[in-house]
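First the structure, in the form of structure tokens, and then the observations on it.
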Amino acid sequence: MFRYVLKTLWRHRTRTLLTVTGAAVAMFVFCFVGSVQEGLHRLTTGSDADRNLIVFQENRFCPTSSRLPEDYERVIAEIPGVRDVMPIQVWTNNCRASLDIVVFNGADPKQIQQTRPLKLTSGDWQQFQSTRDAAIVGRNVAQRRGLKVGDQFTIGEISVRVAGVFESNVPSEENLIYTSLQFLQYTRGLDAAGLVTQHEVMLTDTADPDRVASAIDQKLRAGAVATKTRRKGAFQASTLSDLVDLIGFAHWLGYACVALVLSLVATTTVMSVQDRIKEYAVLQTVGVRPLRAMRLVLAESTILCVVGGVAGTALALTALGFGGFAIGAEGATIAFRPSLGLAATGTVVSVVVGVLAGFIPAIQAATVPIVSALRQA
Amino acid sequence: MALVELRGVCKSFRKGDETITPLDEVDLDIEAGDFVSLMGPSGTGKSTLLNLVSGIDRPDAGTIRVAGTEVTKLSRGKLADWRAANLGYIFQTHNLIPVLTAYENVELPTLLLKMTSSQRRQRVELALEAVGLSDRADHYPRQLSGGQEQRVGIARAIVAHPKVVVADEPTGSLDTETSEQVQVLLQRLNKELDITLLMVTHDTDAAKIASRQLVLDRGMFREVGLDETSTVSNA
């Protein structure tokens with residue numbers, strides 16, 4: 001009987017193709033929206049976001065306006081619960097929201113290698129540590145900008161040579177370019193000798209992050225510049241607060257896509273069943289049970305939805321995998337990455353929507369008044 | 001006990017404000033192996049009776065027993081199962097599934113029964129052979145003539161080896177020559193395969209091939225002889 005369903009879909013191939021295409025486009029958008037949501041979630045949760053602290057200048061938001069003394073590192077390191085402190089100079093080409101944001105983080109190369117969850121996919125650490133203008137580039141930036149080891153990359157006043165490309169299990173890291181701290185501090189226009197944008201604080205396993213954060217701010221209150229210390233996830237969410245609101249709203253767009261697929265496939269299936277109501281009467285006369293007739297219609301709508309939905313999901317995941325897309329503001333970035341979760345969600349949503357879309361037409365097919373349907377011309 | 005047994009069957013329809021009762025307290029017995037033709041003026045309830053016997057319509061009152069099963073008591077789902085195993089239906093307008101080949105159309109009822117794929121293939125091939133269409137198995141309905149379509153419809157009706165085959169004006173949409181071929185085929189099926197047939201027809205020639213001719217008029221059955229058949233059809 002499954003052959004009957006496939007042949008029916010093939011008989012109306014224009015209608016089938018249009019419906020599948022519509023479902024694919026909608027699921028493509030759904031997965032893109034989903035990847036943004038996932039990216040934000042990853043940015044604000046996980047051990048990197050929860051167990052690391054960012055010390056920033058109080059009442060400052062853009063990295064260009066936060067200027068902390070580099071030697072705060074020593075003071076912070078003395079506070080109980082602090083395992084390590086990494087002074088970071090941040091430079092970005094755009095403090096506003098942008099889809100092509102470039103963020104440089106300048107820090108001690110050895111410390112970067114030891115503390116950041118980075119794995120070089122090309123290049124080597126030795127060259128990065130020994131060359132002044134060397135930089136290691138996150139996979140997303142390298143994909144987006146077409147960078148590879150040995151390339152010279154210039155943006156604004158900064159010109160670096162790519163010493164390596166890295167990947168990370170923290171996707172937002174893959175949107176960064178790391179250089180040595182001194183290189184960035186002495187870049188023309190920054191004039192940041194002895195100053196850094198922020199200190200990243202790694203905690204011991206037993207330390208309470210909020211307690212340590214408040215101890216840091218308390219201790220530095222008497223210093224030259226007052227600080228505001230937060231968990232890294234909270235800091236990034238606060239930095240991206242405008243975008244977070246927008247992304248929160250965007251999930252409605254995802255629901256709208258699902259509703260679009262639902263109405264599209266339901267309309268096609270209803271039309272298909274109404275066109276063939278006599279066929280369903282014949283099938284039942286021959287001995288097809290009403291429940292079986294129902295299953296035939298559900299199979300039809302589910303096939304339409306799954307083929308379109310899986311194609312849209314696969315296209316979206318491919319684009320996300322190869323595009324290296326990210327959105328960022330004020331030095332923080334959200335990476336759009338493909339994931340198994342997205343693939344599973346896209347497939348499950350396609351199946352569920354397919355079944356739901358076929359439900360009413362399936363009931364029509366199952367309860368067709370046989371005698372009057374057979375009388376139809 | 002008769003193979004088909006109707007007792008006190010009533011069926012009414014609403015047509016606007018009017019209630020039409022084509023079947024009122026109808027009794028009928030059909031024995032196994034009978035070939036019964038049913039004639040009568042339009043609107044006397046011949047097709048309604050066929051639909052009731054085949055279980056695609058329900059009577060307002062009375063009982064219908066076919067091969068020992070009281071079909072009036074079965075649910076819609078159970079009726080479908082029963083039809084798949086016990087009843088073949090030949091339509092006036094063939095009603096083949098357009099996306100399926102002749103072979104697949106004939107195979108359809110067998111897919112609803114438990115059998116191996118080789119048994120299924122054998123049955124379909126035999127049914128197509130019985131109607132003389134083995135060489136058209138891969139053809140779609142649109143590639144067949146009206147007569148060939150009807151023969152595929154007949155093969156579909158007999159493929160599951162039903163106890164009863166009902167035919168609703170099987171020659172109604174065919175030209176004279178094709179109609180005669182179908183009549184011969186039905187007669188052969190009845191005689192050679194011992195299939196019990198109940199056929200509604202307006203065609204006096206078609207009615208004459210049956211072993212019993214019945215006329216339904218004003219809710220009453222009347223058995224007629226061959227000589228009387230042409231008179232009835234013109235009534």
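Observations, loosely collected:
- Segment A:218-232, residues that are over 12 Å from A:I54 (Cβ atoms) and part of a helix (DSSP H, G or I): A:Q218, A:K219, A:L220
- Residue match in segment A:59-71 (condition: touching a strand residue (DSSP E or B) at 6+ places or on another chain (Cβ under 6 Å) and surrounded by fewer than 22 Cβ atoms within 10 Å (Cβ to Cβ)): yes
- Comparison of B:A130, B:A137 shows that the only residue that is surrounded by fewer than 24 Cβ atoms within 10 Å (Cβ to Cβ), farther than 24 Å from B:V66 by Cβ and in contact (Cβ under 8 Å) with a residue 24 or more places away in the chain is B:A137.
- Test: residue in segment A:319-337 that is within 26 Å of B:L87 (Cβ to Cβ) and charged (D, E, K, R): no
- Number of residues in segment A:280-299 that are under 19 Å from B:V106 (Cβ atoms), at the interface with chain B (Cβ under 7 Å from one of its Cβ atoms) and assigned to a helix (DSSP H, G or I): the value is 4.
- Wholly within segment B:26-125, helices (runs of 4 or more DSSP H) carrying at least 2 residues that are within 9 Å of chain A (Cβ to nearest Cβ) and within 18 Å of the chain's Cα centre (by Cα): B:46-53, B:76-86
- The test for being more than 12 Å from chain A (Cβ to nearest Cβ) and at pLDDT 90 or above does not hold for B:V159.
- Per-region count, segment A:41-53, residues surrounded by fewer than 23 Cβ atoms within 10 Å (Cβ to Cβ) and in contact with a helix residue (DSSP H, G or I) (Cβ under 7 Å, 6 or more places away or on another chain): 8
- Considering segment A:73-119, the residues that are outside any loop (DSSP other than H, G, I, E, B) and surrounded by fewer than 15 Cβ atoms within 10 Å (Cβ to Cβ) include one that is farthest from the chain's Cα centre (by Cα), namely A:R74.
The values are calculated or read from the model by the stated rules, or taken from the named source; none is laboratory data. Please read these numbers as outputs of a predicted model, since none were measured by experiment. Note that each Cβ is placed from the backbone with ideal geometry, even for glycine, and that neighbours are counted across all protein chains shown.
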